[in-house]
Each structure stands twice: as C-alpha cells, then as structure tokens.
Amino acid sequence: MLVGAPDNPSMHPTGFGHTPSPAHWQWHNRFASLGPEFHANVPLQPLPAPYWVARSPSAAQLLGLDVTDWSDSAWVHLLSGNTWWDGMQPLASVYSGHQFGVWAGQLGDGRALLLGEVATTPDAPSLEIQLKGAGRTPFSRSGDGRAVLRSSIREFLASEAMHALGIPTTRALCITGSPHPVYRETPETAAVVTRLAPSFIRFGHFEHFSHHGLHTQLRDLTDFVLQHFYPHCMQAPDPVAALLGEVAERTAAMVALWQSVGFCHGVMNTDNMSILGLTIDYGPFQFMDGFDPQHICNHSDHQGRYAFARQPAIAYWNLMCLGQALLPLIGDSDRTIAAIDRFKTAYPAHFEAAMAKKLGFSSPPAQEPLRKHLNTLLGLMAQEQADYTVFWRALGTYARTGERQAVLDQVVNREGFDAWLLSFDELHIHLGCGPDADLMQKTNPKYVLRNYLAQQAIEKAESCDFGMVNDLLTVLSAPYDEHPAFEAWAAPAPEWARSLQLSCSS
C-alpha cells in the first residue's frame, strides 16, 4: 500500500561509512518492527561539506551526550546523514491526512528520515532520532526531500523555546548546514535538523490505514501505541476508546498552553498532530506580537482556518478525524464521540488553570469571577492589540511592586486598564490574598521567539555568522530570566517587523 515505495528497498544506508554507537546507547527500532506496510527503508543520501550551525546542550542530555565532545568531523557527518551508526535502521513512514480541512490522501515522511530509537539505559524511556531535510524518500512526491537553512533555524529554536516554556514538544538536537543548493522561491542552502521524540506517530498514520480499509494494520498500529505509550489504557473495558480519550486530554492540555503564551501553529493539519500530544512540525508558526485573536500567521491560509482563536476548535475537529479513523476498532459511534468530547471539558479546565497562574493565582479562584476578569482583560488587550508577551510580564511587575505605571505604559486606553486593575485588586482582596508575583514571574515569559528576531538570526546565518542563533538559544532556553545583555529582545517588535509573512515553503 506504499505508493511510490521501491520494490526492494535497501536495508543498509549508503553514506560514507559507519561508526559504532555511543557505548551507553541501546537501539530498539520498535517502529521498524511493525513491518513494510508502515514504512519504506531509505538509504542515506550524503550532504556535501556539512558544518555545525547550532547544538542544544539540553536536548543532548536526553541522549546522555555532551555537545562539547562533538569537536571532530564524525558527529557533523553522522547528523547530516553522511555516515551511520551501527544498530540504526533508517526509514520513512507512511501516513495520510486532512490538509486545510480537505482529505489529501497519502502523504508520509517526504523529507524526514527516522534513524531509529535509542535508550541510554535498560530502564530509560527511549527516543526516536529523526533527520529532517535528509533527502528524498518514496513519499517526497515532487519534492527534493531537503530543508533549507531558514526553516531549519526556525524549527530548531522554536522546539527548544517551547520546551523551556513547559509546552509539550518534539525536541531539536542540532542543525547542520551545507553549501548544497536547494531551490524554493529563490536558491537557498540546505540544512538538516536532528529531531527527538518518544514517537513521531501522527493522527494521519491512523487515517491512512483506516481510509484504505487496512484494519489489520490499523489494529497493529493501535496496539503498538497502546503497548508502548498508553499501557494504562489497556486495562480499560474499551482500550481503543480509552486511548482516544487520553489523546483528547493531552491535545487539550497542549493547545491550552499554546493559547496561554500566544503561540500560533499555522498548519494544524491532521498529519501535523502528534498522537502523544506534542507540538510537532514547526512551519509557519508565530508567537504573536500585538494580541489579535483573529491573527493568521500563515499567509497561505487564505480562509483563516488556523487563526489563533480557532486553534482549540480545529484541535477538536482533528480529533474527530482521528475518532473516525479508529471507529472500525471501537465499533460504536457513541463511545467514540464520548472519548473525543473529553476535549470539551479538558480544554477550558487546562486553559483557565494556565491563565489563573498568569494572573498570579496559585490556586484557581471560582470559575465565574476568573472568567469575568480574564475575558474583560483579553477584550481590552485585543482592542489595543497590546503586545502579548510584554503586557503579561508588566502585569507581573505590577504584582511585585504595586506600580500601576508598569501596565499603563503598555496601553493607550489607560482608563479602561486602570479600571480593570482596580477590579483585579478587589478580587484578590475578596479572596484574602494578593497576586503571587513569584508565580507570575515564572509563568509569564520575558522572551519568546519573535518573528523578527528569528529573521535577523537567519540573515546572519546565511552569511555563516551563527552567533545570534546560539545567543537566541541561550536566552530562549531560560525565557523567564532577565538576561540583561539581551534586554532589547524583550521589547515589542519594531514597526517594520509587522510586514513579515510566513508560508509553508521550507
């Protein structure tokens, strides 16, 4: 059923050679064991003259690695797809999906290569290692399978920034670059992002087998996910419905955190939704500058399907697609809907809990007073298009110092915000406690990956100056800290940055 897959795919990569894995690694390659219906084995495709762009010490620790040890050329070749470790089985998985609400048919890993799955100790959870931009696969369709430096920098920084914000996400270990030309709207240079996750399985994997009536494979995939990632669901009367409910819960928690920090995903297609509730596939994403609930960060999204305010509803729609795919296994539409509808109760609970912390409530107050104050505040912010990150940080300053000016300096409608601050104070007095300034400091980041900062880092990197990429990594890895040397990066975006537009091109 793998359209375009080779008849006799190579079982061995064909790069420049192989090297032993780090001594503490144990390869599992569990996804590969599902069989040829789920993936195509793909040989490595060497990338000429690779070089380091950036490396994440935090992500490296997940694999028991220290990036300071990567001084020789072996590692840059390994993580560019030029050589291979003993024990890995490179493959590209097949999936399908809905893109912009329309069934797109077979998709698959068109430029991502799963090297395998590694555990650092016998008892440690394992992580899949994936190269994004490693070359053509049977699922590349008309693409070249490569990624460009521009989009690779954005994905690398966003992945690590989201992790530091406490938002479930795939991780980015490093970026390697190459002078190899890649043609998009204009000629660009190639890059590879090494991504880490417990699994890269998506809603679209289930849609693929369900759509084609391959219910045996659908069952095998579902059992695989249950066994390895949701074992507690196997004890439920209906394990598949329990799995769907858990995915709904995790998806609700993830999207609630997106909304709380003003993050726009941009391409919430079903093939970009993780079965583990991880943020995955950073294409035309954006952390909002001025708060606009109707903001569209992807200029290819002409209908505004993935506008900021619509993200929760789209997540629910995507869960309905997953539920439809799993219906042959659940066998009852009422149980399927009931599992999906866990999202409807979980999302507001997660969102209100996150926003309560941003408002300084260590224990969320009664829902109605919280909703009233929060909705009034968000309405005022939307009218002003107040800078989302700066405003919330200023509110934390007010909680710590009592200086209303910290907030009022961020807005034009001072009367409206002054009245809100008065009601905010009265609510805390009624509850017998002031806002928890320390909690607000740890919940409202000072730094996010603004589009213009990413663009400036990209422009420098295109001239082989990777200093700003690495400085941004340092700052975004500790987004609640002050970082006095980079204070300018905490300011609202300059006027010229509002014209920046992002598309799906990478």
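The values are calculated or read from the model by the stated rules, or taken from the named source; none is laboratory data. Here the structure is a predicted model, which is why all the values come from computation and not from measurement. Virtual Cβ from ideal backbone geometry, glycine too; neighbours counted across all protein chains shown.
Laid out as a table, the results:
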| item | result |
| --- | --- |
| Residue match in the range 286-304 (condition: within 30 Å of VAL225 (Cα to Cα) and either modelled with pLDDT of 95 or more or part of a loop (DSSP other than H, G, I, E, B) (or both)) | no |
| Test: TYR452 is under 29 Å from ILE167 (Cα atoms), in contact with a Pro (Cβ under 9 Å, 6 or more places away or on another chain), crowded, with 20+ Cβ neighbours inside 10 Å and not hydrophobic (A, V, I, L, M, F, W, C) | no |
| Matching residues, the range 131-146, being buried (at least 24 other Cβ atoms within 10 Å of the Cβ) and either part of a strand (DSSP E or B) or on the phi < 0 side of the Ramachandran plot (or both) | LEU131, LYS132, ALA134, THR137, PHE139, ARG146 |
| Residue check for GLY304: surrounded by fewer than 22 Cβ atoms within 10 Å (Cβ to Cβ) and within 15 Å of the chain's Cα centre (by Cα) | no |
| Verdict on THR222 being touching a residue at least 24 places away in the same chain (Cβ under 8 Å) and not assigned by TED's automatic domain parsing to the domain that holds VAL102 | yes |
| Breaking point among (1) touching an Asp or Glu at 6+ places or on another chain (Cβ under 9 Å); (2) outside any helix (DSSP H, G or I); (3) more than 28 Å from ALA356 (Cβ to Cβ); (4) small (Gly, Ala, Ser), for ALA241 | (2) |
| Residue within the range 333-347 that is closer than 25 Å to THR376 by Cα, free of Cβ contacts under 8 Å to residues at least 12 places away in the same chain and either crowded, with 16+ Cβ neighbours inside 10 Å or assigned by TED's automatic domain parsing to the domain that holds GLY166 (or both) present | no |
| Sole exception among (1) of a type outside the set (S, T, N, Q); (2) surrounded by 23 or more Cβ atoms within 10 Å (Cβ to Cβ); (3) out of contact with any Lys or Arg (no Cβ under 9 Å at 6 or more places or on another chain) for ALA119, by number | (2) |
| Enumeration of residues in the range 464-489 that are out of contact with any His (no Cβ under 8 Å at 6 or more places or on another chain) and aliphatic (A, V, I, L, M) | MET468, VAL469, LEU472, LEU473, LEU476, ALA478, ALA485, ALA488 |
| Test result for PHE417, without any contact (Cβ under 8 Å) to a residue 60 or more places away in the chain and not in a loop (DSSP other than H, G, I, E, B) | yes |
| Out of LEU173, LEU165, LEU196, sole residue that is out of contact with any strand residue (DSSP E or B) (no Cβ under 8 Å at 6 or more places or on another chain) and of a type outside the set (Asp, Glu) | LEU165 |
| Residue in the range 179-195 that is part of a strand (DSSP E or B) and within 12 Å of the chain's Cα centre (by Cα) present | yes |
| Residue count for the range 177-217, restricted to those that are in contact with a helix residue (DSSP H, G or I) (Cβ under 8 Å, 6 or more places away or on another chain), small (Gly, Ala, Ser) and under 23 Å from LEU63 (Cα atoms) | 3 |
| Filtered residues of the range 463-501 (kept if part of a loop (DSSP other than H, G, I, E, B), among the charged types (D, E, K, R) and within 24 Å of the chain's Cα centre (by Cα)) | ASP481 |
| The range 284-315: number of residues that are in contact (Cβ under 8 Å) with a residue 40 or more places away in the chain and among the β-branched types (Val, Ile, Thr) | 1 |
